[in-house]
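Written below as C-alpha cells is the structure these notes are about.
The values are calculated or read from the model by the stated rules, or taken from the named source; none is laboratory data. The structure displayed is predicted, hence computed values, not measured ones. Note: ideal-geometry Cβ built from the backbone for every residue, glycine included; neighbour counts use all protein chains shown.
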Amino acid sequence: MESPRVADRPRLVSRSIPLADSVPSFRALVDEMEPPRTVWNAADEARVVAGGAAATLTADGPDRFRQIRTAAERLFETGDVHAGTEAACPRLFGGFAFHSDGAAADNETTDNGGHTSPWAEFPDARFVFPRVQVTQTEGGPWLTVNAVGPSATPAAVEAKLDDERERLLSRAATATAAPRPGITDRRRTTTPTGWRTAVRNAVERIDAGTLRKVVLAQALEADLGGNLAVPDILDRLSEKYPDCTRFLIEPDSEPPAAFFGATPERLVSLRGRTVETGALAGTTGRGETPAEDEWLAEELLADEKNVHEHELVAETIREQLAPFAASVSVGERGIKRLATVQHLHTPITAELTEDTHVLDVVEALHPTPAVGGLPPDRALETIRETEPFDRGWYAAPVGWIDAAGNGTFAVGLRSAVATQRRATLFAGVGIVDDSDPDAEWDEVELKFRPILDELEA
C-alpha cells in the first residue's frame, strides 16, 4: 500500500488579499491558471478557481480515506496562514475512486477500443494544495498564494502574491468563448441487448433476496471534432445548472486530462459539528410546458417504484450517520428540478456528538445507495461483474478539505473524463424489483444530456 506522497511536517505558508472587482471573467481566469487547474463552484458556497500544485497528496487502496486525512492533518498543522476571510483560507481539492480497490492495474491497460484508459492519470485518491487560488465571495474576490517546503517563507509568498495580483488584473476582463468541439464518433459501452440482460439479471437477484437495489451505469466514449475547451463548458454549465455543483479536477499529466461535471448530488457538507446531506434518487424528465412539468413532478412523487428507490437511499443515509450523530433530522421529500430532469430529493441534517473530520463522514457515506446499492457489498459485486468499464472517479466523492477538518464533497455525477480530443461520459440508474430495462435505458439517455449538449456542435 502506497503512502500519501507528502513529506512529514512540511512547512506551509499561505497569504490572502482582496482583489479589485475588475478581475478577469470566470472563463479567462481558468485560462490564466497554471496546470493542474481546479474549479469548485457549488450553489451555496464561494466559487474557487485555482492552479498549480504547492503539494500533492495521493493514496491507494481501501485505506485511501484515512491516508489522505493523515497527510492533510500533517500538512495543515505546520501552517502559517493569514487569510483575511474564512472563504479564502487554503484548502485541499481532489477526490477518490469509486471502488475501494481502485483500478490501478486496469488504469495501465487499454480500453475496448485499444485506447489508454481515461482514468490512467487518476489514482485511487488525489488532492492538490494549489499554488494560486482565487475565491469569489459575496464581499468580492480574494487572491490566495500558498507555498509548501523548506524554501517557503512569508516574504517569498507575499512577493508572489503581489506578482499574481498584478498579473491577473492586467489580463483582459473577458475571453472569447471557444465553439463546442462537436462529436465525430461515439460508442456506448453497453448495447441495448446487453443492457436488457444486465437489468433482468439484477432484477432476478433482487427477487431472489440477494439484492435490494443496485445502480448500473453506462459509459459513452466520444471522439471530438475540435479541441475541448473546459472553461467554456463549465461557464455554460454554470448558467444552465446553477443549483448543481460544477467542478474541474486536473491531474498533472501530459497530454492534459480533466474530470469535470455539474452534479446535482451533494454527499456531505461539514461545518463544525453540523452535517448537511440529502437523498437524491428517482428521476423523470422535464415538461414542455409549466403544466406538463408539474404533472410529471406529481407523477414522480406518486410513483411507487421511484418512491421506493428514494426511501431506500434516505433510510440508509440516516443509518450511516447515526454512529456519529447526536441527532439526525430528515426533511420533507420534494422535487429538485434541473434543466433536463427532475429528481426526488429529501434534505437530511445531523448534529455530531464530537468533532469529526469530514473524511470520516465521507468514508461512512460512500457509496450511498443512490450510486451503489443495497446491501453495499452485494451491490458493488454486481456492479463489478456487470459493467464493462472502470468507473474511476465517476459517482465517487469529489470536494475540498480545510485545516479544521471541515469540507464539502459532491458525488461525481453528470460528468466526463476527457483529453483534448476524446471524452468519456458516465450515467447510471437505480435498479429495483420492478425496473423496466427500456425505461431505465431512457433515463440513462436523459442523464448523458448535460455533458453531451456541451460537446455537440
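With the condition kept exactly as written, say whether any residue in the stretch 313-321 is under 17 Å from Val268 (Cβ atoms) and in a strand (DSSP E or B). Checked against the condition, which is being under 17 Å from Val268 (Cβ atoms) and in a strand (DSSP E or B), the stretch 313-321 yields no hits at all.
When Arg66 is tested against (1) in a strand (DSSP E or B); (2) over 23 Å from Asp163 (Cα atoms), only condition (1) is not met. Among the numbered conditions (1) of a type in the set (Gly, Ala, Ser); (2) within 24 Å of Pro154 (Cα to Cα); (3) modelled with pLDDT of 95 or more, the only one that Ala59 does not meet is (2). For the stretch 1-22, enumerate the residues that are modelled with pLDDT of 80 or more and either assigned to a loop (DSSP other than H, G, I, E, B) or closer than 19 Å to Ala257 by Cβ (or both). Within the stretch 1-22, Arg11, Leu19 qualify.
Can you find a residue that is free of Cβ contacts under 8 Å to residues at least 12 places away in the same chain and not assigned by TED's automatic domain parsing to the domain that holds Phe426 anywhere in the stretch 188-198? No, the stretch 188-198 has no match at all. With respect to the conditions (1) assigned to a strand (DSSP E or B); (2) among the hydroxyl-bearing types (Ser, Thr, Tyr); (3) more than 29 Å from Cys89 (Cβ to Cβ), Ser329 falls short on a single one, namely (3).
Counting the residues of the stretch 358-378 that are of a type in the set (D, E, K, R) and more than 29 Å from Gly272 (Cα to Cα) gives 2.
Could you tell me how many of the residues in the stretch 129-180 are not in a strand (DSSP E or B) and not small (Gly, Ala, Ser)? Within the stretch 129-180, residues that are not in a strand (DSSP E or B) and not small (Gly, Ala, Ser) number 23.
When Arg205, Arg180 are checked against the criterion of being more than 27 Å from Phe122 (Cβ to Cβ) and crowded, with 16+ Cβ neighbours inside 10 Å, Arg205 stands alone in meeting it. Total residues in the stretch 48-77 satisfying the condition of being touching a strand residue (DSSP E or B) at 6+ places or on another chain (Cβ under 8 Å) and either of a type outside the set (Lys, Arg) or surrounded by fewer than 19 Cβ atoms within 10 Å (Cβ to Cβ) (or both): the figure is 20. When the residues of the stretch 32-47 are filtered to those that are modelled with pLDDT of 90 or more and surrounded by fewer than 18 Cβ atoms within 10 Å (Cβ to Cβ), the one that is nearest to Phe247 (Cα to Cα) is Glu45. Looking at the stretch 312-352 only, could you name the residues that are polar (S, T, N, Q) and either closer than 30 Å to Phe448 by Cβ or free of Cβ contacts under 8 Å to residues at least 40 places away in the same chain (or both)? Answer for the stretch 312-352, where residues must be polar (S, T, N, Q) and either closer than 30 Å to Phe448 by Cβ or free of Cβ contacts under 8 Å to residues at least 40 places away in the same chain (or both): Thr316, Gln320, Ser327, Ser329, Thr340, Gln342, Thr346.
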